[in-house]
Amino acid sequence: MKIILGITGASGAPYAVDFLRRSRADVCTLVSGWGEKLLAEEAEGAAEVRQLSKACFFDQQLDAPPASGSNVFDVMVILPCTISTLAKIAGGVADTLVTRTAAVALKEQRRLVLCLRETPLSAVSLESALKLSRLGVTIMPACPPFYGSPESADDLVRAFVDKVFRVIGRPDDAGPGWKNEELT
């Protein structure tokens, strides 16, 4: 499975880094300008992201391979995703590498998952999310579960990233789920 991971400027860099550390798939990472600042503030910077990614591009690189529909990928996950990024995607604005690649995902009918990290959500944001959801985009607010009795912030990050792995069809990359996960 080929995955595109977009990192934007909403707080939540540990989610993206954990996703990269644990994914066994080929991950190409796209980092927005604010995402780069976020990585510097909340993680060890973009160096680890570059190291963990099969390829890493920055928002100004609109000529990068993911910006083209002829570059095939299976799923794009934007983690964390700002409301501004969601709004641009919903409005068809493709002025950065992250939003251009999301536009490619939509036009090529590829899987697109937006992990929003901002709250509260205005009516405008909710309408944009609804519009995208109706187009088949998965909207996943970064709401880590507490049912696993987390003992640390890392446990919360891991639990949410596990949910993302399951949603994109990579359950083997996820840790154990809820104790009653099996259907009987």
>> Here's a check for you: in the range 81-96, which residue that is outside any helix (DSSP H, G or I) and of a type in the set (Ser, Thr, Tyr) is farthest from the chain's Cα centre (by Cα)?
In response: THR96
> Given the conditions (1) closer than 23 Å to SER11 by Cα; (2) assigned to a loop (DSSP other than H, G, I, E, B), and given that SER133 satisfies all but one, which numbered condition is not satisfied?
Replying inline: (2)
> Can you tell me how many residues in the range 115-124 are under 22 Å from ARG166 (Cβ atoms) and either out of contact with any Ser or Thr (no Cβ under 7 Å at 6 or more places or on another chain) or assigned to a helix (DSSP H, G or I) (or both)?
Replying inline: 2
> Could you say whether any residue in the range 69-90 is surrounded by 14 or more Cβ atoms within 10 Å (Cβ to Cβ) and modelled with pLDDT under 95?
Replying inline: yes
> Limited to the range 136-160, what total is found for residues that are in a helix (DSSP H, G or I) and hydrophobic (A, V, I, L, M, F, W, C)?
Replying inline: 5
>> Can you say whether THR96 is in contact (Cβ under 8 Å) with a residue 40 or more places away in the chain and farther than 22 Å from ASP18 by Cα, as far as the supplied structure shows?
In response: yes
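So, ALA123, is that one at pLDDT 95 or above, of a type outside the set (Phe, Trp, Tyr) and either surrounded by fewer than 18 Cβ atoms within 10 Å (Cβ to Cβ) or under 14 Å from the mean Cα position of the chain (by Cα) (or both) or not? Explain how you work it out, then say what you get.
Working: at pLDDT 95 or above: yes; of a type outside the set (Phe, Trp, Tyr): yes; either surrounded by fewer than 18 Cβ atoms within 10 Å (Cβ to Cβ) or under 14 Å from the mean Cα position of the chain (by Cα) (or both): yes.
Yes.
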> Only one of these conditions is not met by LEU106: (1) touching a residue at least 40 places away in the same chain (Cβ under 8 Å); (2) surrounded by 15 or more Cβ atoms within 10 Å (Cβ to Cβ). Which number is it?
Replying inline: (1)
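Report whether or not ALA102 is within 21 Å of ALA10 (Cβ to Cβ), in contact with a strand residue (DSSP E or B) (Cβ under 7 Å, 6 or more places away or on another chain) and assigned to a helix (DSSP H, G or I).
Here the answer is yes, as ALA102 does meet what is asked.
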>> Need pairs with beta-carbon distance below 7 Å; first residue under 21 Å from LEU114 (Cα atoms) and within the range 152-165, second assigned to a helix (DSSP H, G or I) and among the acidic types (Asp, Glu); sequence gap 6+ or separate chains.
In response: VAL157/ASP18; ARG158/ASP18; VAL161/ASP18; PHE165/ASP173
> If you take the residues in the range 26-60 that are at pLDDT 95 or above and in a loop (DSSP other than H, G, I, E, B), which one is surrounded by the most Cβ atoms within 10 Å (Cβ to Cβ)?
Replying inline: SER32
> Out of all the residues in the range 161-184, which are in a helix (DSSP H, G or I), in contact with a helix residue (DSSP H, G or I) (Cβ under 7 Å, 6 or more places away or on another chain) and modelled with pLDDT under 95?
Replying inline: PRO171, ASP173
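The values are calculated or read from the model by the stated rules, or taken from the named source; none is laboratory data. Since the model is a prediction, treat every value here as computed from it, not as a measurement. Every residue, glycine as well, gets a Cβ built from its backbone with ideal geometry; the counts of neighbours run over all protein chains shown.
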